[in-house]
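Have a look at the structure below, then the notes.
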Amino acid sequence: MTGLGHTVDASVITAALRRCGAVRDRAVQDVAIESSRDTILSRITRLRLSYDGDAGHAPETLILKTGRPGPHRGR
């Protein structure tokens, strides 16, 4: 997946979900941007996840908050 200024791929999301115990034997197959909006200091993006099988109680979406490049107010 691109469009966020960097790449967030399914393997990175799978690893993060495994570390926190949200998925065990399933893997994220695809990550899609559902929505994205900018704030003064950051970009907030909702990601839609699809898995390689029945993911049970694994999250269907995640919120990714990233900093915006460049000078910011208040600095």
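The values are calculated or read from the model by the stated rules, or taken from the named source; none is laboratory data. As the structure is a computational prediction, the values presented were derived from the model and not from experiment. Don't worry about glycine lacking a Cβ; one is built from the backbone with ideal geometry, like all the others, and counts go over all protein chains shown.
What the table below lists for this structure:
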read-out	value
Subset tally (residues that are charged (D, E, K, R) and either at positive phi or modelled with pLDDT under 95 (or both)) for segment 38-51	2
Residue count for segment 51-66, restricted to those that are in contact (Cβ under 8 Å) with a residue 40 or more places away in the chain and either basic (K, R) or closer than 8 Å to R26 by Cβ (or both)	1
Set A32, A22, A27, A58: member being hydrophobic (A, V, I, L, M, F, W, C), under 20 Å from D9 (Cα atoms) and in contact with a Ser or Thr (Cβ under 6 Å, 6 or more places away or on another chain)	A27
Per-region count, segment 8-31, residues outside any loop (DSSP other than H, G, I, E, B) and charged (D, E, K, R)	3
